[in-house]
Amino acid sequence: MTDLLDLDSTLARMLAALTPLPTVEEPLETAAGCYLAESVRAAQTVPPFDNSAMDGYAVAAEDPELLRSGSLRIAQRIYAGAGPGPALRPGTCARIFTGAPLPAGADAVIAQEEASVTADDRVTFHTRPERGACVRSAGGDVKVGEIIAQAGDVLHPGRLALLIAAGHQRIRVHQRPKVVVLTTGDELRAPGSPLEPGQIHDSNGPMLAALAQQAGATVVRRQRVGDEPEALRLALTAAAKDGDAVICSGGVSVGDADHVRDILAEEGEITFWRLALKPGKPFAFGTLAARPFFGLPGNPVSALVTFLLLVRPGILRLSGARDTTTTRLPAVLLGPVNKRPGRRDFQRGRFRIGADGRLCVEACTRQDSNILSTLTEGNCLIDLPKDSGNLDAGSQVDIVPLFEANG
């Protein structure tokens with residue numbers, strides 16, 4: 001197996017061959033999930049004014065009347081969305097509500113639970129505040145000009161909210177990758193359709209489309225194609241015209257009906273093929289009409305594993321992501337794992353938090369690349385090094401959580 005390629009060096013080679021897509025300016029409301037094309041500075045402070053963190057009473061913490069009697073007269077009421085009202089005068093306070101601006105002269109808020117109101121519109125407090133208590137200071141979160149997002153950051157919901165709060169309405173992002181998902185094989189039939197002997201339902205197509213969308217791509221078409229070479233050639237060339245990238249499962253091995261790799265070599269270029277990887281050895285990467293081509297194995301587990309380890313980072317690279325790494329977490333094996341040296345092995349497993357607070361993981365009983373049920377029984381891949389053999393319970397391993405979300 002000396003001709004098989006190492007996963008990490010091959011992934012680095014693939015990412016170096018990919019270029020982020022062009023940029024476009026979009027309204028923030030429609031840019032969720034995109035990656036920033038440039039760093040962003042705050043256009044205004046967050047919050048933009050001093051405001052109350054709760055319903056209560058705005059006071060001057062050092063008001064002599066407050067210090068002497070613990071009581072003040074309510075001079076005004078301030079609601080969220082209203083102006084700050086007139087400045088506080090000595091001996092007075094303002095009834096204030098969460099998010100409302102503090103009036104001039106106020107530097108603390110006393111919660112309404114710590115106060116008793118009398119009939120003459122006076123309020124007696126059961127606590128003495130410190131300056132700044134229960135006050136959200138202007139710029140306490142973000143100051144004008146502060147860098148609040150970096151180029152290559154994903155616009156997840158939290159970052160989206162921060163950019164809007166900091167005064168931005170439009171932002172420059174990389175275009176979302178448009179991908180075409182092809183599944184090949186004469187045996188494939190549409191989900192739910194009647195099956196004749198020798199036929200199976202196409203589970204790879206919907207699975208890969210869902211994974212691509214989860215990675216941030218837009219799936220412009222999903223298509224099943226038989227094994228006839230000319231039909232494959234037409235489908236592949238059309239896919240390269242319609243998408244920024246082509247994701248194809250099946251036809252990249254060495255069988256008599258595996259024509260995809262040959263067509264790719266004729267119509268485009270094969271950058272690499274065959275990895276020291278289990279499952280997923282026959283993965284291929286190249287270009288077709290100058291579009292990136294990801295050739296995945298036909299077995300569903302192999303297709304999923306190679307998507308997570310190779311295609312997802314590739315989509316992130318096209319999207320302009322600063323970080324394309326796959327999440328790996330340390331865990332301890334709960335039971336022994338069988339493995340032969342020679343290929344890096346990603347076995348399906350189930351992890352949980354142990355009694356000692358550490359992650360522990362147990363391999364699924366069945367590891368064949370066609371056993372789809374392990375994708376629901378398990379919740380992770382156990383990353384077993386290329387040269388390792390069998391591992392005992394208690395061994396330290398890395399795990400890759402399954403179905404990781406974008407960003």
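Of all residue pairs spaced 6 or more apart or on separate chains, those with beta-carbon atoms under 6 Å, a first member in the stretch 389-401 that is over 21 Å from Leu309 (Cβ atoms) and at pLDDT 95 or above and a second member that is of a type in the set (A, V, I, L, M) and open to solvent by less than 60 Å² (accessible area, probe 1.4 Å) are Ala393/Leu333; Ser395/Leu333.
Only one of (1) touching a strand residue (DSSP E or B) at 6+ places or on another chain (Cβ under 7 Å); (2) open to solvent by 20 Å² or more (accessible area, probe 1.4 Å); (3) assigned to a helix (DSSP H, G or I) fails for Lys386. Which number is that? Result: Lys386 passes all but (3).
The criterion of at least 2 residues that are more than 33 Å from the chain's Cα centre (by Cα), over 30 Å from Pro20 (Cα atoms) and touching a residue at least 60 places away in the same chain (Cβ under 8 Å) is met, among strands (runs of 3 or more DSSP E) falling completely within the stretch 42-153, by 56-59, 122-125.
With respect to the conditions (1) touching a Leu at 6+ places or on another chain (Cβ under 6 Å); (2) part of a helix (DSSP H, G or I), Gly158 falls short on a single one, namely (1). Where residues in the stretch 1-41 are more than 22 Å from the chain's Cα centre (by Cα) and without any contact (Cβ under 8 Å) to a residue 12 or more places away in the chain, which of them is nearest to Leu160 (Cα to Cα)? Residue satisfying both the conditions and the ranking: Ser9.
Being without any contact (Cβ under 8 Å) to a residue 60 or more places away in the chain, within 23 Å of Asp383 (Cα to Cα), open to solvent by less than 40 Å² (accessible area, probe 1.4 Å) and not aromatic (Phe, Trp, Tyr) narrows it down to one residue among Gly295, Gly268, Gly226, Gly286; which is it? So the residue among Gly295, Gly268, Gly226, Gly286 that is without any contact (Cβ under 8 Å) to a residue 60 or more places away in the chain, within 23 Å of Asp383 (Cα to Cα), open to solvent by less than 40 Å² (accessible area, probe 1.4 Å) and not aromatic (Phe, Trp, Tyr) is Gly295.
Here's the yes/no breakdown for (1) more than 30 Å from Arg261 (Cβ to Cβ); (2) out of contact with any Ser or Thr (no Cβ under 7 Å at 6 or more places or on another chain); (3) among the basic types (Lys, Arg):
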site: Pro300; (1), (2), (3): no, no, no
site: Phe307; (1), (2), (3): no, yes, no
site: Ser319; (1), (2), (3): no, yes, no
site: Ala331; (1), (2), (3): yes, yes, no
site: Pro336; (1), (2), (3): yes, yes, no
site: Phe346; (1), (2), (3): no, yes, no
site: Ala363; (1), (2), (3): yes, yes, no
site: Thr374; (1), (2), (3): no, yes, no
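The values are calculated or read from the model by the stated rules, or taken from the named source; none is laboratory data. Small disclaimer: the values here were computed from a predicted structure and weren't measured. Every residue, glycine as well, gets a Cβ built from its backbone with ideal geometry; the counts of neighbours run over all protein chains shown. Areas reflect the complete protein model, heavy atoms only, side chains present, ligands, DNA and RNA absent. Shrake-Rupley method; radii C 1.70, N 1.55, O 1.52, S 1.80 Å.
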